[in-house]
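The values are calculated or read from the model by the stated rules, or taken from the named source; none is laboratory data. The shown structure was predicted, so the numbers you read here are calculated from the model rather than taken from an experiment. Glycine also receives a Cβ, built like all others from the backbone with ideal geometry; neighbour counts cover every protein chain displayed.
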Amino acid sequence: MKNKVFTTGEVAQICGVSADTVSRWFDLNQLEGYRLGPGGDRRIPFESLRKFMLSHGIPLGRLEEGERRVLVVDDDPFYLEMIAAALSRDEDLMIYTASTGFDAGAMVVEYNPQLIILDIQLSDMDGRMVSERVRARPETQNTRILGVSGFLDEGEIQDLPSHGFDAFLKKPFQVEQLIEKTEELLGAAQV
C-alpha cells in the first residue's frame, strides 16, 4: 500500500470531497504529487496523501482500510532488523520500527498499528509502560501487543496480560514462531 498512487477521483472518495476540491489542493501545492506529462492527470502518492490527511484532521479510516500495520520496538539492533526482515516477506504488511519507548509512542500516535511487537526491557523505559499507554488511547485500545524478552521469569510472563499484552515470545525464538504468532494476532485484530 505504501507504494500506491491515487488519482484525484480516488483521493476525493477517500477524503469525502469533490474531485475539484482535490485538484485545487494539488494546484495550490497543499497536496504533494505529480502530473503525468505536461498538463496531464494528477497523481498523489500514498505517503503524501496520508501526511496531508493527518495535518488537516481528515480521518484515515478509508485510506487505511484493509491495511495491516506492524510496529516493531526493540533496542537490540539484531532483533529489530531480524523481526522487520522476517515480517517484510509479507508484502501486505507495512512494517515500522522504533528502538526506544519514546519513539514507539510517537509512531503509535502517527500510524495506529494493529500489532506491536514490543521488547519488554527497553533502554529508556519498561515495555509494560508502553503497552499500558497504547491501551489507554481509544484509537489503539484494540491493538494487539506481542511481548518479547529473554530476561523475564515465569511469574513476570504470567503477569504480562495485566499490562495489556496479548502474547509473549521468549528470546531467542524461531522466525517461524514469530510469523505464526504475528498472523494469529493480526487475525484477532481484524475481528
When you look at Val130, is it over 17 Å from Asn112 (Cβ atoms), in the same structural domain as Tyr79 (by TED's automatic domain parsing) and among the β-branched types (Val, Ile, Thr), yes or no? no
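Would a scan of the stretch 44-59 turn up a residue that is more than 23 Å from Ala106 (Cα to Cα) and not assigned by TED's automatic domain parsing to the domain that holds Asp119?
Within the stretch 44-59, one or more residues are more than 23 Å from Ala106 (Cα to Cα) and not assigned by TED's automatic domain parsing to the domain that holds Asp119.
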Quickly run through the stretch 24-46 and pick out the residues that are buried (at least 17 other Cβ atoms within 10 Å of the Cβ) and either among the acidic types (Asp, Glu) or out of contact with any strand residue (DSSP E or B) (no Cβ under 8 Å at 6 or more places or on another chain) (or both). Trp25
Identify, please: which residue in the stretch 106-127 is surrounded by fewer than 22 Cβ atoms within 10 Å (Cβ to Cβ) and not aliphatic (A, V, I, L, M) and is, among those, nearest to Gly187 (Cα to Cα)? Asn112
State whether the residues of the stretch 151-164 include one that is surrounded by 12 or more Cβ atoms within 10 Å (Cβ to Cβ), within 20 Å of Ala86 (Cβ to Cβ) and of a type in the set (D, E, K, R). no
Checking the condition over 17 Å from Leu178 (Cβ atoms) and either out of contact with any Lys or Arg (no Cβ under 8 Å at 6 or more places or on another chain) or acidic (Asp, Glu) (or both), which residue from Gly105, Gly155, Gly127 passes? Gly155
When you go through (1) buried (at least 16 other Cβ atoms within 10 Å of the Cβ); (2) within 29 Å of Gly16 (Cα to Cα) one by one for Glu91, which number turns out not to apply? (1)
For the stretch 34-64: of the residues being touching a helix residue (DSSP H, G or I) at 6+ places or on another chain (Cβ under 9 Å) and acidic (Asp, Glu), which is nearest to Thr140 (Cα to Cα)? Glu64
Do you know which residues across the stretch 12-60 are at pLDDT below 90 and among the β-branched types (Val, Ile, Thr)? Ile14, Val17, Ile58
I need every pair where a residue in the stretch 38-55 that is touching a residue at least 24 places away in the same chain (Cβ under 8 Å) has its Cβ under 9 Å from the Cβ of a residue that is assigned to a loop (DSSP other than H, G, I, E, B) and small (Gly, Ala, Ser), sequence separation at least 6 or different chains. Arg42/Gly33; Arg43/Gly33; Ile44/Gly33; Pro45/Gly33; Leu49/Gly33
Residues that are over 30 Å from Arg89 (Cβ atoms), crowded, with 20+ Cβ neighbours inside 10 Å and out of contact with any strand residue (DSSP E or B) (no Cβ under 9 Å at 6 or more places or on another chain): does the stretch 1-23 have at least one? yes
